[in-house]
Amino acid sequence: MTDARTEILRRIRAAAVPPAAAPPRHYLRHAPGLAEDDRPAVLALFAERLAEYGATVLPAEDPATAVAEALGDARTAVVPAGLPAEWTARWDGEARSDRPPLTHARLDATDAVLTTCAAAVADSGTLILDGGPGQGRRAATLLPDLHVCVVRAAQVHSALPGALAGLDPRRPLTFVSGPSATADIEMIRVKGVHGPRRLAVVLLP
């Protein structure tokens, strides 16, 4: 039995395909044709991609005015801990704290959620949230109908590799590319299936 086993293993090793060469690791770390340090072009691409998804983009010097415009007719909004209080100074709705955590029913009955983000990607028009200050927990960003996200220009990277380099993989990362929508059923586009139907991005310098 030992000799037979040895012979079988010998034949397997002899017939085995040689190990493949190591895959190349020289990935493109910026959007094609766009230099990471070309900040005006990076921000323009970010706004363009968001608009293609149907999101609203509000470049702003004054966050309070832009936030009030982005929230629009929303009468209630979840405001996570760590968000600057002055950002809601010109909005006359009800800011709801999520501490202690609001129930899912309460979140679903809230018009909007206002957050910051951990990073953003211009090439795909993506916001990345990791539950840090001003972002809150994942449920609070998925159940309200409107998500208003305040993004600083320095947080926008031209492509995903640049954004990932500054993120902690141990944190709960959520990637948001435009308002929630799906066309899985009979190719009919339906909004709001997996998250907010509306997305507004306030882009600060």
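Scan (1) among the charged types (D, E, K, R); (2) under 21 Å from Ala140 (Cα atoms); (3) part of a loop (DSSP other than H, G, I, E, B) for the single condition Glu36 breaks and write down its number.
(2)
Among the residues of the range 1-31, how many are in contact (Cβ under 8 Å) with a residue 24 or more places away in the chain and either part of a helix (DSSP H, G or I) or not basic (Lys, Arg) (or both)? Steps first, please.
Our first condition is that a residue be in contact (Cβ under 8 Å) with a residue 24 or more places away in the chain; within the range 1-31, this holds for 27-31.
Those still in the list that are either part of a helix (DSSP H, G or I) or not basic (Lys, Arg) (or both) too: 27-28, 30-31.
Qualifying residue count, the range 1-31: 4.
Starting from the range 54-67, keep only residues that are touching a residue at least 24 places away in the same chain (Cβ under 8 Å) and among the charged types (D, E, K, R), then list their pairs with residues that are surrounded by fewer than 20 Cβ atoms within 10 Å (Cβ to Cβ) and in a helix (DSSP H, G or I) whose Cβ atoms are within a distance under 9 Å, requiring at least 6 positions of separation or different chains.
Correct list of pairs: empty, since none qualify.
From Ser124, Ser97, grab the single residue that is free of Cβ contacts under 8 Å to residues at least 24 places away in the same chain and either closer than 27 Å to Asp62 by Cβ or out of contact with any Asp or Glu (no Cβ under 6 Å at 6 or more places or on another chain) (or both).
Details: Ser124 fails: free of Cβ contacts under 8 Å to residues at least 24 places away in the same chain.
Exactly one residue qualifies, and that residue is Ser97.
Taking the range 99-121 as the search range and keeping residues that are within 20 Å of the chain's Cα centre (by Cα) and assigned to a loop (DSSP other than H, G, I, E, B), which one is farthest from Arg197 (Cα to Cα)?
Ala118
Pairs please, first residue from the range 80-93 and on the phi > 0 side of the Ramachandran plot, second anywhere and of a type in the set (Val, Ile, Thr) and at pLDDT 95 or above, Cβ atoms under 8 Å, 6+ apart in sequence or on different chains.
These pairs meet every condition: Gly82/Thr116.
With the requirement that a residue be hydrophobic (A, V, I, L, M, F, W, C) and either within 15 Å of the chain's Cα centre (by Cα) or within 11 Å of Val201 (Cβ to Cβ) (or both), what does the range 44-64 give you? Full working, then the answer.
Of the residues in the range 44-64, the ones hydrophobic (A, V, I, L, M, F, W, C) are 44-47, 50-51, 55, 57-58, 60, 64.
Phe46, Ala47, Leu50, Ala51, Ala55, Val57, Leu58, Ala60 - these are the residues of the range 44-64 that are hydrophobic (A, V, I, L, M, F, W, C) and either within 15 Å of the chain's Cα centre (by Cα) or within 11 Å of Val201 (Cβ to Cβ) (or both).
Yes/no per residue for (1) of a type in the set (A, V, I, L, M); (2) under 21 Å from Arg152 (Cβ atoms); (3) modelled with pLDDT under 85:
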position: Ala14; (1), (2), (3): yes, no, yes
position: Pro23; (1), (2), (3): no, no, yes
position: Ala41; (1), (2), (3): yes, yes, no
position: Leu71; (1), (2), (3): yes, yes, no
position: Ala74; (1), (2), (3): yes, no, no
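Any chance you could count how many residues in the range 175-189 are surrounded by 13 or more Cβ atoms within 10 Å (Cβ to Cβ) and either over 30 Å from Glu61 (Cα atoms) or touching a helix residue (DSSP H, G or I) at 6+ places or on another chain (Cβ under 6 Å) (or both)?
Selection size over the range 175-189: 2.
Quick test of your reading of the structure: Gly178 fulfils all but one of (1) assigned to a loop (DSSP other than H, G, I, E, B); (2) modelled with pLDDT of 95 or more. Name the failing condition by number.
Here Gly178 clears every test but (2).
The values are calculated or read from the model by the stated rules, or taken from the named source; none is laboratory data. Note that the structure is predicted; figures quoted are calculated from it, not measured. Methodologically, a virtual Cβ is constructed for each residue, glycine included, from the backbone with ideal geometry; neighbour enumeration extends over all protein chains shown.
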